[in-house]
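Since the structure comes first, as structure tokens, the remarks are kept for the end.
Please treat every number below as a calculation from the coordinates, not as lab data. What you are looking at is a predicted structure, and each value in this text was computed from that prediction instead of being measured. Here the Cβ is made from the backbone with ideal geometry for all residues, glycine too, and neighbour counts use every protein chain on show.
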Amino acid sequence: MPSFQFDPDEIHVSFPFRPTWVEAIKRLRRRRFDPATKVWSVPTGLAPDLLAALEGAGAPWDELAPLRDASRDALARTAALQASWRRVYEDAVPTLAERYPGLFRHQEEGAAFLLGAGRGVILADEMGLGKTRQAIVAADALGGRVLVVCPAGLKLNWARELRMALGAPDLHVVDAKGLGAARWTIMSYDLVKRHHKALLARHWGVAILDEAHYIKNRTSQRTRLLVGGDGKRGLPAGRVRGVLAQADRVFLLTGTPITSRPLDLFPLLQALEHPLGDDLMAFAGRYCAAFFTGFGWDLKGASHLDELHERLAGVLLRRVKEEVLDLPPKLRTYMPVEVDLAAYRRVWLDYAARRKKKRRLGKRALLVEIAKLRHAAAIAKIPAALALVEDVLAQGEKVIVFSGYQAVVDAFLARFGAQAVRVTGRMGAKAREASVAAFQEDPAVGVFVGNLKAAGVGITLTAAQQVIFTDYSFVPADHLQAEDRPCRIGQRTAVTITYLSAVGTIDEEVEQLLAHKLDVVGQAIDGAEASLSGSFLDDLLAIVALS
């Protein structure tokens, strides 16, 4: 006979082996089986589904009495929660413009979508449309405690946005010491592990993940701690409870929910408890063109993207600037530049000599060689980049320069002195904010030099009319994020984006790949049609291996 154990999160079921019962439970969402204890576990909220499955499989009526009680309780809780959400939606939406003056029309609509979307939603507006403000308004209207998890460099930005939207909110920016007791808790992804137990001990009305593509890696530590799953990568043994399970509502904010392939979306759907996030292989087989290589499953592809786009309609809201704001166009151009190839050729010949001795290099060895070539190409472009920036300044315009190399950043700071400010990963949040403020407000500061990762998200640089990339990231979405730092609310002039490509170097291959891969980001989220084969890095590895 089946026996049941109930805890706040899961129902644990054990019984002598019955093939029909096993098959019935296997059809449930988010069920799991512990082979050591022979116990099935099902989320408490799915008690009605478990009851229906066991009844349909012929389990004894009398033995299911405890499960029927749990099912009634689950249905009552769900009904009460949905009714409360509906009341909040009906009360809040008509008064959004009055309660939160200054909202754009699309921001009112976005806040209303967040309020009415049930358990969770992905707000995937293009960068610069004010996702932060929309999430603040919706979370404030819902009430209760709010947890904001964001990249470390954006914590102070969130605090500033909260004060701008709400006046003097009760907020605490978390450091290594503790969570505090404020209504609004802002913390970085890096601190989730340190405060995991304390986060689980609290109930959150809303949990907001900013730059939610940070959890795209389903096996990473931060994803496991936030979403839940089996203990891996330094986590405790056994099942890890995710922080998001402690929240009534989950808002995922990201302008790039798919950074390079549809598989990136799966952990976000898990975070929302969406049916598409229940079974990885079912998702991959349908939307990632999964196939078995003989050594394992390849999940890097894309398929049935139109269908995926349709199935996300209820939980994903995506607007682009052209649809909602009369912003000036963004003009992207690739500029080939002649460079001194002497140093680059030495690196290339060194690589060629090793290839001659060993005809095939492993992936790790190729990555090392690519890193050397990219660095050499970036250094070679410094004179051309400096000259271009001087031309921009001569025209009376401000310019943003993005690079992944400290040597390039240092070269710009040395050349332009007090005219330049920087934002890199080595700087603290206050120093970054001071650099942004100086660039935005000081007419004497005309050059902003930023590391692509540290300065490419979450900041507004509308004072610029020009953006220059001196080198390339392996993640196309990083470029889209960085490109839109000046293309945000408040921009009133055309913005030119220039990618510098060193002729005769690896840049030429990367440039072609980048243009192709940028199409991928919009496939599922925008409903656009494009092809995808492998990742940006894998394609580049193949090109270099054959060179």
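So the values come out like this:
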quantity: Spacing of the two label points (7 Å from each Cα toward its C-beta) at residue 368 and residue 356, in nm; calculated: 2.0 nm
quantity: Ranking of 297, 158 by count of other Cβ atoms within 10 Å, fewest first; calculated: 297, 158
quantity: Contour excess over end-to-end distance, with Cα ends at residue 349 and residue 172 and 0.36 nm allotted per residue; calculated: 58.3 nm
quantity: Cα gyration tensor shape for the stretch 100-324, rounded if a/c is under 1.5, else prolate or oblate; calculated: oblate
quantity: Shape of the stretch 243-343, Cα gyration tensor, a/c cut at 1.5; calculated: oblate
quantity: The chain - charge dipole about Cα centre, Lys and Arg +1 at Cβ, Asp and Glu -1, debye rounded to 20; calculated: 1980 debye
quantity: FRET E, pair residue 34, residue 108, Förster distance 45 Å, beta-carbon r, rounded to 0.05; calculated: 0.40
quantity: Gained length - residue 17 relative to residue 201, 0.36 nm times residue gap less alpha-carbon distance; calculated: 62.6 nm
quantity: Within the stretch 28-43: backbone nitrogen closer than 19 Å to the residue 279 label point (7 Å, Cα to C-beta); calculated: 28-34, 40-43
quantity: 0 to 90° range, to nearest 10: angle between helix 363-380 axis and the chain longest Cα axis; calculated: 40 degrees
quantity: 15 Å beta-carbon shell around residue 176, net charge (K/R +1, D/E -1); calculated: +3
quantity: Evaluated over the stretch 301-453, the Cα radius of gyration and Dmax, each in Å; calculated: 21.1, 58
quantity: Prolate/oblate/rounded call for the stretch 57-149, Cα gyration tensor, a/c under 1.5 rounded; calculated: prolate
quantity: Footprinting exposure proxy for 115, 480 (fewest neighbouring C-beta atoms within 10 Å first); calculated: 480, 115
quantity: Fraction of beta bridges assigned by DSSP in the stretch 100-324 that are antiparallel (%, nearest 5); calculated: 15 percent
quantity: Ranking of 71, 3 by count of other Cβ atoms within 10 Å, fewest first; calculated: 3, 71
quantity: Answer label, with Rg and Dmax of the Cα atoms in Å calculated from the coordinates and candidates (1) 25.7, 85; (2) 28.0, 86; (3) 41.4, 135; calculated: (1)
quantity: Bins of 5 Å, starting at 0 and running to the largest distance - Cα pair percent for the stretch 3-74; calculated: 3, 17, 33, 30, 14, 2, 0
quantity: Total formal charge among the other residues, if their Cβ is under 12 angstrom from that of residue 195, Lys/Arg +1 and Asp/Glu -1; calculated: +3
quantity: Helical contribution to [θ] at 222 nm, DSSP H n ≥ 4, -39,500 (n - 2.57), averaged over the chain, rounded to 500; calculated: -13000 deg cm²/dmol
quantity: Angle in degrees between helix 507-526 and the longest Cα principal axis of the chain, rounded to the nearest 10; calculated: 30 degrees
quantity: Spin-label pair residue 415/residue 152, simplified geometry with 7 Å Cα→Cβ offset, distance in nm; calculated: 3.0 nm
quantity: Cα-based helix-to-principal-axis angle, 382-394 vs the chain, degrees rounded to 10; calculated: 80 degrees
